[in-house]
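Beneath this line is the structure, given in structure tokens, with notes to follow.
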Amino acid sequence: MAQIAIERLAVGPMQNFVYLLVPQAKDRLVVVDPAWEPDVILARAQALGRPLTDVILTHHHPDHRNGVEAMLAAYPVRIHVQKSELPWLKEHGWRGDLVLHEPGDRVELGLGEALTLIHTPGHTPGSQCIECTGRLLTGDTLFIDGCGRCDLPGGDPVKMFHSLFTTLGALPGDTVILPGHDYAPTPEATLAEQRTSNPYLQFRTAADFIGLRMRPRT
């Protein structure tokens, strides 16, 4: 079976990556973290000739979801979020459109294809990565040669350590990392490569990790 196709769009002032996931079922199209330039996202969806059916948020921060209203205005999308993010999303009036997920839930895309949602708290309580046939969309959990901040409301460096080293540590090295921001010379890398080059993946203890991640920002 062919892989779900993934298209990457670079948008906005914070160097975000928005991803379009294109399954074999021609009546489905998924956008991950729609933000900043909704017209660009919708134009690409239209060019693909498919209705936009699903939005998946890796976490609740505005720079990853400030295009959701435009998606809702254009299509009757389902908005998939990890249930721990709900307290930060109540004000947006999306309740009828929200699908709240437990760790390990699957988003079925028809014709036997599905995405797996991996709960990776640390950047926010409900941060999640999206496993898509050997590729992992990591939002702000894991960057190329970096990882997400843990000093914002809801952040937790101990949980981030366990997300990186226990949860993602169990994944195969050939998993391709697709991060939520363009913060490195390359937009993607394998997990094995990151285990060698990423400074945040070099620690054996949470205390050592926290010492680097929570150092004073300059």
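Scanning segment 145-169 for residues that are within 17 Å of the chain's Cα centre (by Cα) and polar (S, T, N, Q), we see that the one that is surrounded by the fewest Cβ atoms within 10 Å (Cβ to Cβ) is THR167. Of the residues making up segment 1-30, those that are within 18 Å of GLY134 (Cβ to Cβ) and in a loop (DSSP other than H, G, I, E, B) are MET1, ALA2, GLN3, ILE4, PRO23, GLN24.
For segment 70-109, residues that are in contact (Cβ under 8 Å) with a residue 60 or more places away in the chain and assigned to a helix (DSSP H, G or I) total 1.
Say whether the condition of being part of a loop (DSSP other than H, G, I, E, B), out of contact with any Pro (no Cβ under 7 Å at 6 or more places or on another chain) and closer than 27 Å to HIS123 by Cβ is met by at least one residue in segment 42-52. Yes: segment 42-52 contains one or more residues that are part of a loop (DSSP other than H, G, I, E, B), out of contact with any Pro (no Cβ under 7 Å at 6 or more places or on another chain) and closer than 27 Å to HIS123 by Cβ.
With respect to the conditions (1) crowded, with 16+ Cβ neighbours inside 10 Å; (2) over 18 Å from ILE118 (Cα atoms), ALA43 falls short on a single one, namely (1).
Residues that are in contact with a helix residue (DSSP H, G or I) (Cβ under 8 Å, 6 or more places away or on another chain) and under 16 Å from ARG215 (Cβ atoms) within segment 152-164 comprise PRO157, VAL158, MET160, PHE161, listed in sequence order.
Residue pairs whose Cβ atoms lie under 8 Å apart, sitting 6 or more positions apart in sequence or on different chains, and linking a residue in segment 2-17 that is at pLDDT 95 or above to a partner that is part of a loop (DSSP other than H, G, I, E, B) and of a type in the set (Val, Ile, Thr), are ILE4/THR133.
Going by the conditions given, is THR124 closer than 27 Å to LEU9 by Cβ, touching a His at 6+ places or on another chain (Cβ under 8 Å), β-branched (Val, Ile, Thr) and surrounded by 13 or more Cβ atoms within 10 Å (Cβ to Cβ)? So THR124 fits the description; yes.
Residues checked against (1) farther than 23 Å from LEU29 by Cα; (2) polar (S, T, N, Q); (3) surrounded by fewer than 20 Cβ atoms within 10 Å (Cβ to Cβ):
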position: ARG78; (1), (2), (3): no, no, yes
position: ASP97; (1), (2), (3): no, no, yes
position: THR141; (1), (2), (3): yes, yes, no
position: LEU171; (1), (2), (3): yes, no, yes
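A single entry from GLN46, GLN82, GLN24 fulfils the requirement of being of a type outside the set (Phe, Trp, Tyr) and touching a Gly at 6+ places or on another chain (Cβ under 7 Å): GLN82.
In a residue-by-residue description of segment 158-180, the property of being in contact with a Gly (Cβ under 7 Å, 6 or more places away or on another chain), under 21 Å from GLN15 (Cα atoms) and part of a loop (DSSP other than H, G, I, E, B) applies to at least one position. Within segment 143-169, restricting attention to residues that are in contact (Cβ under 8 Å) with a residue 12 or more places away in the chain and of a type in the set (Val, Ile, Thr), which residue is farthest from VAL31 (Cα to Cα)? Only one residue fits best here, namely VAL158.
The residue that is nearest to SER163 (Cα to Cα), counting only those in segment 99-121 that are surrounded by 15 or more Cβ atoms within 10 Å (Cβ to Cβ) and acidic (Asp, Glu), is ASP105.
The values are calculated or read from the model by the stated rules, or taken from the named source; none is laboratory data. This structure is a prediction, so every number in the text was calculated from the model and none was measured. Heads up, the Cβs are rebuilt from the backbone with ideal geometry, glycines too, and the neighbour counts pull from every protein chain shown.
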